[in-house]
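Heads up, the thing below is written out as structure tokens.
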Amino acid sequence: MSENSKDAIRLFGVTKTYGGQKALNNVDIAFYRGEFAFVTGPSGAGKSTLLRLLYLAADFTQGEILVLNRNVKRMGRSGLPMLRRKIGVVFQDFKLISSMSVFDNVALVLEVAGKDRKFIAKKVGHLLRSMGIEGKANALPQSLSGGEQQKVALARALCGDPEIILADEPTGSLDEDAASVVMNILLDYHARGATVLVATHDKNLIASAQKRVVTLVNGAVASDTGGP
Amino acid sequence: MMKMGAQTARALKGVRHNKLPHALALVTIGLVFLLAGAFLLLFVNVQSLLTAWKDNVRAIAYLEKADWDEAAIADILNAARQIEGVADVKFIPREQAIKDLGESLGAQAGLLKDLEENPLPDAIVVRVVAGPGTWERVEQVAKNLSGLDSVEDVEYGRAWVERFAGFLDIMTFIAVVFGALMAAAALSITAGTVRLTLYSHKDQIEIMRLVGATERFIWTPLFITTCLLGLFAGIFALTALFGVYWFVGARVESGPWVGDFALRFFSWPACAAGLVAAGLVGGLGCLLTYVQQAAGREE
Ligand SMILES: Nc1ncnc2c1ncn2[C@@H]1O[C@H](COP(=O)(O)OP(=O)(O)OP(=O)(O)O)[C@@H](O)[C@H]1O
Ligand SMILES: [Mg+2]
């Protein structure tokens, strides 16, 4: 096995520009399998951009990225959906489907993966309960509060039991108590072996967890502390 | 891979949650189909009317007043049959002629009772072979008929029918060109409408991709939806057309001027083929959209 196989994610000199402006500038970084890390930094530093490249929602200008030992640039049409099923994403803007109920939004991930209905009902029901939003299962997302929507987004990210969890400001809309509930859920998945990256501004959240912290400034890694 | 039933269920769910765009699409496509169908139906009927006239080009030869015995009648019929361009001949005895007259007079048939004797002559009706050149042919046949000894007078196709039917070929040409334009318009409007409908799913499609859906998973229910959209628009158009046909049909009297013509609707197989085509047109709209957006994403 190659040295990289212990890495879940590895970036080699990755640069991403938006119309001449560098959102990521020559980033070299790796996250090993089963690691829990925060990505922080000021607004516009490139946190969301970094995560976006990892779930292959955007091209990058320069460099190489390996995710679960796949060169994402070489990913074929059919490989892309398969890799995305191994990555659970909490989007900063939630990206819930407005015409589908909360239950269906979460269930979508399992339907996509071809799971049967009984399994889906059980799994989704369990997740919604663990986040205290089982009463909203049949509601449409836009009728929920920001915090509730965030929980739905988290439930969707987790319900496929992904190998990698990318959470972009997963506590941004939550009060302190709810934030710590979410944090505990993420730590729980980490304890079960998932690689978890959390992009956040929340200094309290970072301080509470005692984990690796990667700080981005102007698209470059400014500091990387608490790692192995 | 998902079963077809599950895909259809997802398709219907999508429609239920996006009622307005689908309803608008249904109405738009239905109206386009209705227009195209109305044109087709009109064309079919005009053509069959003209064909009825054309196939029914007849010349009537009235015989001199005399008591024709059977042998004599057979001779006359034989002579008429020998004339080039004659398809068949029929003898109409004067008794039959007066009876027909009475029937077509209907309530006023009583008028005939005042007649002391039957004024109508015996006649033979000659149907001319149909096809190109009918109009020249009937003239020739009529001329030859008047040459027969026992024939007193010959009547044949009216001039206006002649002139009208002269337009048949031109009309067919125009109809084919117009029909092709119409089909192209119907197809592109349908495709455009389907694209608009799919546009209402745009965000949804993107999100599904992000959570690992394959293109097949995303597009199969959309394809089913648009096929159903086409099918139901077709059913709507056909039903409306039948309504019009039924309404108009009840008001068009069949008379001698229409010949063997009766107002027609599409046959059952034609209706079925039309509905299948409507569904395919809907599906084609989806495919076009798929191909376009796939090409867009390659760039
Ligand atoms: N789609 C886009 N088009 C153009 N510029 C973009 C786009 N997405 C991000 N950017 C730019 O890239 C830079 C990094 O953005 P990014 O969203 O990664 O920041 P962030 O660290 O996540 O910020 P925040 O904490 O506000 O979420 C910003 O300058 C932003 O304006
Ligand atoms: Mg961000």
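The values are calculated or read from the model by the stated rules, or taken from the named source; none is laboratory data. Remember, it's a predicted structure, so these values are computed and weren't measured experimentally. Neighbour counts are summed over all protein chains in view; Cβ atoms, including those assigned to glycine, are modelled from backbone coordinates with ideal geometry. Side chains are part of the model used for accessible areas, which takes the heavy atoms of the whole protein and leaves out ligands, DNA and RNA. Shrake-Rupley method; radii C 1.70, N 1.55, O 1.52, S 1.80 Å.
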Over the heavy atoms of B:Thr239, what accessible area does a 1.4 Å probe trace out, to the nearest 10 Å²?
90 Å²
Peptide B:182-192: average number of partner chain Cβ atoms within 10 Å per residue?
0
Counting sequence-distant residues (5 or more places) and residues on other chains, those with an amide H built under 5 Å from that of A:Ala220 are A:Asn25
Quote the relative contact order of the stretch A:89-186 in percent (integer), defining contacts as alpha-carbon pairs under 8 Å separated by 6+ residues.
42 percent
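What's the magnitude of the charge dipole for the protein assembly as shown around its Cα centre, counting Lys and Arg as +1 and Asp and Glu as -1 at the beta-carbon? Answer in Debye, nearest 20. Please list the in-between numbers first.
Working: 53 positive and 52 negative charges, 840 e Å.
It comes to approximately 4040 debye.
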With x for Gly and Pro, the residue-by-residue ³J(HN,Hα) of the stretch A:24-38, computed from phi through the Karplus equation 6.51 cos²θ - 1.76 cosθ + 1.60 at θ = phi - 60° and given in whole Hz, is 10, 10, 6, 8, 10, 6, 9, 10, 7, 5, x, 7, 10, 9, 9
What FRET efficiency do you get for B:Val248 and B:Asn78 if R0 is 35 Å and r is their Cβ-Cβ distance, rounded to the nearest 0.05?
0.20
Hey, with R₀ at 25 Å, roughly what FRET efficiency would A:Asn26 and A:Lys203 work out to, going by the Cβ-Cβ distance, to 0.05?
0.40
Which distance in nm do the two modelled labels at B:Arg264 and B:Ala294 give, with both placed 7 Å along the Cα-to-Cβ direction?
4.1 nm
Under 19 Å Cα-Cα from B:Lys90, which lysines qualify once same-chain neighbours fewer than 8 residues away are excluded?
B:Lys54, B:Lys65, B:Lys99, B:Lys143
Taking the protein assembly as shown, the equivalent ellipsoid from its C-alpha gyration tensor has semi-axes in Å, biggest first, of 85, 23, 16
I want to verify a result. In a Gaussian network model of chain B, Cα cutoff 10 Å, which of these has the top mean-square fluctuation: B:Leu229, B:Leu112, B:Leu63?
B:Leu112
For a quick check, take a GNM of chain B with Cα springs below 10 Å and name the residue from B:Glu139, B:Glu70, B:Glu155 with the largest mean-square fluctuation.
B:Glu70
Skipping prolines and chain starts, which residues have an amide H placed within reach, meaning under 5 Å, of the one on A:Phe38, given they are 5 or more residues away or on another chain?
A:Val198, A:Arg212, A:Val213, A:Val214
Structure-based [θ]222 nm, chain B - -39500 (n - 2.57) summed over DSSP H runs of at least 4, per residue, nearest 500:
-23500 deg cm²/dmol
Using all alpha carbons of chain B, what is the percent of pairwise distances in each 5 Å bin, ordered from the shortest bin to the longest?
1, 5, 9, 11, 10, 9, 8, 7, 6, 6, 5, 5, 5, 4, 3, 3, 2, 1, 0, 0
Just to confirm my numbers, what's the Cα centroid distance between the stretch B:33-93 and the stretch A:106-178 in Å?
79 Å
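To the nearest whole percent, what portion of all C-alpha pairs in chain A is separated by more than 22 angstrom?
Considering chain A, 51 percent of its Cα-Cα pairs are separated by more than 22 Å.
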Per 5 angstrom bin, beginning at 0 and ending with the bin that holds the maximum distance, the Cα pairs of the stretch B:58-156 fall in percents of 2, 13, 23, 20, 15, 13, 8, 5, 1, 0
Looking at A:Leu51, A:Asn71, A:Gln92, which one has the Cα that reaches farthest to the positive end of the dipole of the stretch A:46-94 (charges on Cβ: Lys, Arg +1; Asp, Glu -1)?
A:Asn71
From Cα pairs below 8 angstrom and at least 6 apart in sequence, can you work out the relative contact order of chain A, rounded to a whole percent?
29 percent
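From Cα pairs below 8 angstrom and at least 6 apart in sequence, can you work out the relative contact order of chain B, rounded to a whole percent? Intermediate results must be reported in sequence, preceding the final value.
On the way: 325 pairs, mean separation 92.7, N = 299.
Across chain B, relative contact order equals 31 percent.
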Using the Karplus curve 6.51 cos²θ - 1.76 cosθ + 1.60 with θ = phi - 60°, work out ³J(HN,Hα) for each residue of the stretch A:73-78 in order, rounded to whole Hz, and write x for Gly and Pro.
5, 8, 5, x, 3, 8
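Which of the DSSP-defined H helices in chain B satisfy a minimum axial length of 30 Å, computed from C-alpha atoms, and a minimum mean Kyte-Doolittle hydropathy of -0.5?
Details: long enough: B:19-55 (52 Å, 1.45); B:168-199 (45 Å, 1.67); B:215-249 (49 Å, 1.49); B:268-298 (45 Å, 0.88).
Span-like helices in chain B: B:19-55, B:168-199, B:215-249, B:268-298.
Please give the average number of partner chain Cβ atoms lying within 10 Å of the Cβ of each residue in A:89-102, rounded to a whole number. List each step's numbers first, then the result.
Details: counts 2, 0, 2, 0, 0, 1, 6, 2, 9, 4, 10, 5, 2, 0.
Other-chain Cβ atoms within 10 Å of each residue's Cβ, averaged: 3.
Roughly what % of DSSP beta bridges within the protein assembly as shown run antiparallel, to the nearest 5? Mind dumping the intermediate values first?
Working: 36 of 53 bridges.
Here the antiparallel bridges make up roughly 70 percent for the protein assembly as shown.
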